[in-house]
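The values are calculated or read from the model by the stated rules, or taken from the named source; none is laboratory data. Note that the structure is predicted; figures quoted are calculated from it, not measured. With ideal geometry, Cβ positions are generated from the backbone for all residues, glycine too; neighbour counts draw on all protein chains shown. The area values use the complete protein model at the heavy-atom level, side chains included, leaving out ligands, DNA and RNA. Shrake-Rupley method; radii C 1.70, N 1.55, O 1.52, S 1.80 Å.
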Amino acid sequence: MCANTILKLLTLCALAHFISAHTLKEQPISTEQKYLIVRGERPEESAGSQEHLEFNNAATLLLTSFKTQTISASNAIEECSQPAHKATFSGIDYVILLGMLVVSLGIGIFYGFFETGGSSSEDFLLGSGMSLLPVTLSLTTSFITAIELLGNPSEMYFQGTQFVLIVIPMVLVIPVAVKIFYPIYFKMELTSCYEYLGIRFGKEIRILGAVLYVIQMCFYTAVAVLAPAIALSKATGLNTKIAVILIYVVCVFYSSMGGIKACVIADSFQAAVLAVSLVLIVGLGSFYSGNPIEVFQTAAEYDRLEFFNFDPDPTTRHTVWSVVIGGFFYWTSLFCTNQASVQKCMSLKSLKLAKIALGFAIIGLIIVFLLNFYTGLMVFTHYAQCDPLIVGRITASDQLLPYYVINTYEGVYTIAGIFVAGIFAASLGTVASALNSLSAVTCEDLLINGMNIKISPEKGATYAKWMSLGFGAVSFGLVFIVEHLGGVLQATLTLNGLIGGVTLGLFVLGIACKQANTKGAFYGGLLSLALVVFVGVVAQLGDVKTPTLPTSVESCNCHMNVTGIIGDLLSESLLVKTEGGFTSWPIFRISYMWFSMIGCLLTVFLGWLISLIIDALQRRSVLKITGKGIDNPAISDDIFQKETSVTFSTVVKPTETTSGEGHINLAIHLDDESQPK
């Protein structure tokens, strides 16, 4: 039997024994009660079981006893899940939140109607040489989603600190980005990073990369808005639909009207709001929950501190290997092959400025993540002996931080509004950057290159604006589809990592493998995508949940609803779930941290292998045509009567970028020098 089933059985046996000792004394039932032994029986076998009947009677009496019994000591203690203990959101908090949204709208109005220039597609999508500071702040906020702001503290609270090592691969990505990827992009003066795939492999691979990005970002933006909206609504009382509508209206407006300039400037303002909210939370937490020494002492006492788990098992959720190695591939795909980040770096005047912006953005990202991780330990210190999830004050783990801020700091005016404004700012930055990058990819990669539609620079900005609006509407519609799918939220986030890994693999294949050709990249990419998505989706459907670290309710200042807990316990099946079938294979239990690496390496390997096979088949076809003794009417017999041997030329002739095979890798000899556009 699994541990959970054994725990249920022991609990129910103890409850039954408690009834025999206390409750049944006043009931008209024989005093000779046997100790009940409860076992998981099949439903068809348990109907006439005496033990089953006795257990049902005992459990029913226990529930009745708890419902009718009045404990004088508990009259003065409220129930934990009552509204008096729920967090509230005041009027001044709504004013602060709306103020942040109005400022973001004002930025879009300024750049859309009053700023001169921006009439061409290059100005709208690249910004024509923006300043270093706003681009750096915008890059930082692009990688900070509301899901992470709410999920990281929850991770520290329930699983411990092993995930903190995710900041290490962020640093490791810097040399890869500034030495390999961005010099190529700046030398080629790209608007879309997928242009490189077209130059290296041909039109087909460029379209493949663009389509994968469109699918990835449409679903990801929907989840990035919905997940925090649900968490905030449960913890603060904000209506989920109102939160979603506000985010999309503001994002769609300033991203479609002001272009990349509006997105970057708005991101800078939103980064300031986010920074203020994080600093205030940590500062107030030192007063309300404990100083750093107390926080780490409590975390160590309850086994929350873990940094050196070197377990080689790939199915372990978080280890040093999975977080550092798997995280390296994940962050490389975000920093180097994600159009939202590449487009902002390309808006700078030179490669040198892009390197500086990327380096400072990663440093800022590390600082934000570390503050966010520390917040999780601080929240755990505050609730170390009264877990709000167990007692029913919150209903999901990602509601932990909003509940803590609004409930603990309820005496501090405006703090709740500033915190929620910071969460909204993270969502705004993610969605706005995604919408602008989606319009760039659609214009450059799908319409102009894929469908051969000629768009003049004057009309390019208009096309991009309408595409931003269209993608905003599509993403908004997906929110209400994903909302009803429940567990697919986590599957969608996993799918984001899978697609990013395959896209990274296509770029690595083009840069590192000279033998790779168009067909190898195309079929290798599609096959890898099918395999990793299948593994990822089956793993999510298998729903293998990692048990959380123990929490306590020993010192709660409220009365727990024991009746509800017992009722939920009795409603769960006692049958042991037997694992079987292919879903129990280890490959479907692999940690989600490895998905990006698997997608990348599998794409490189299959693309390289298929390219070699195709090249060998083509060489064999050439030998059949030109080789001696082969029956080929197209070749004169006089050729084979000559004594001189036939020589073959190895000169490769460059072909057009839109043809099939034999494209030249223009990135092989690119140097690292920066050249202004």
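hydroxyl-bearing (Ser, Thr, Tyr) and either surrounded by 23 or more Cβ atoms within 10 Å (Cβ to Cβ) or out of contact with any helix residue (DSSP H, G or I) (no Cβ under 8 Å at 6 or more places or on another chain) (or both): does that describe Thr414? Judged against the criteria, Thr414 is not a match. With respect to being open to solvent by 10 Å² or more (accessible area, probe 1.4 Å) and in contact (Cβ under 8 Å) with a residue 60 or more places away in the chain, Ser322 falls outside the description. Entry remark, region 337-370: residues being closer than 17 Å to Asp267 by Cα, of a type in the set (Val, Ile, Thr) and open to solvent by less than 10 Å² (accessible area, probe 1.4 Å) number 2 in total. For Met217, only one of the following conditions fails: (1) surrounded by fewer than 24 Cβ atoms within 10 Å (Cβ to Cβ); (2) closer than 30 Å to Cys336 by Cβ; (3) of a type outside the set (S, T, N, Q). What is its number? If we test Met217 against (1) surrounded by fewer than 24 Cβ atoms within 10 Å (Cβ to Cβ); (2) closer than 30 Å to Cys336 by Cβ; (3) of a type outside the set (S, T, N, Q), just (1) comes out false.
Filtering Val479, Val532, Val474, Val538 for residues that are open to solvent by less than 60 Å² (accessible area, probe 1.4 Å), modelled with pLDDT of 85 or more and in a helix (DSSP H, G or I) leaves a single hit, Val532. Within region 369-387, being out of contact with any helix residue (DSSP H, G or I) (no Cβ under 6 Å at 6 or more places or on another chain) and either in a loop (DSSP other than H, G, I, E, B) or at pLDDT below 90 (or both) holds for Tyr383, Gln385, Cys386, Asp387. When Asn517, Asn496 are screened for being out of contact with any Pro (no Cβ under 7 Å at 6 or more places or on another chain), farther than 30 Å from Tyr302 by Cα, crowded, with 17+ Cβ neighbours inside 10 Å and at pLDDT 90 or above, only Asn517 passes.
When Gly411 is tested against (1) in contact (Cβ under 8 Å) with a residue 24 or more places away in the chain; (2) part of a loop (DSSP other than H, G, I, E, B), only condition (1) is not met. Restricting to region 238-273, and then to whatever is of a type in the set (Ser, Thr, Tyr) and more than 13 Å from Ala425 (Cα to Cα), can you tell me which residue is surrounded by the most Cβ atoms within 10 Å (Cβ to Cβ)? My answer is Ser255.
A count restricted to region 166-183 and to residues that are open to solvent by 30 Å² or more (accessible area, probe 1.4 Å), more than 18 Å from Trp594 (Cβ to Cβ) and touching a residue at least 24 places away in the same chain (Cβ under 8 Å) stands at 5.
Consider Leu226 carefully, then state whether it is closer than 14 Å to Phe424 by Cα and either outside any helix (DSSP H, G or I) or not charged (D, E, K, R) (or both).
Details: closer than 14 Å to Phe424 by Cα: yes; either outside any helix (DSSP H, G or I) or not charged (D, E, K, R) (or both): yes.
Yes, satisfied.
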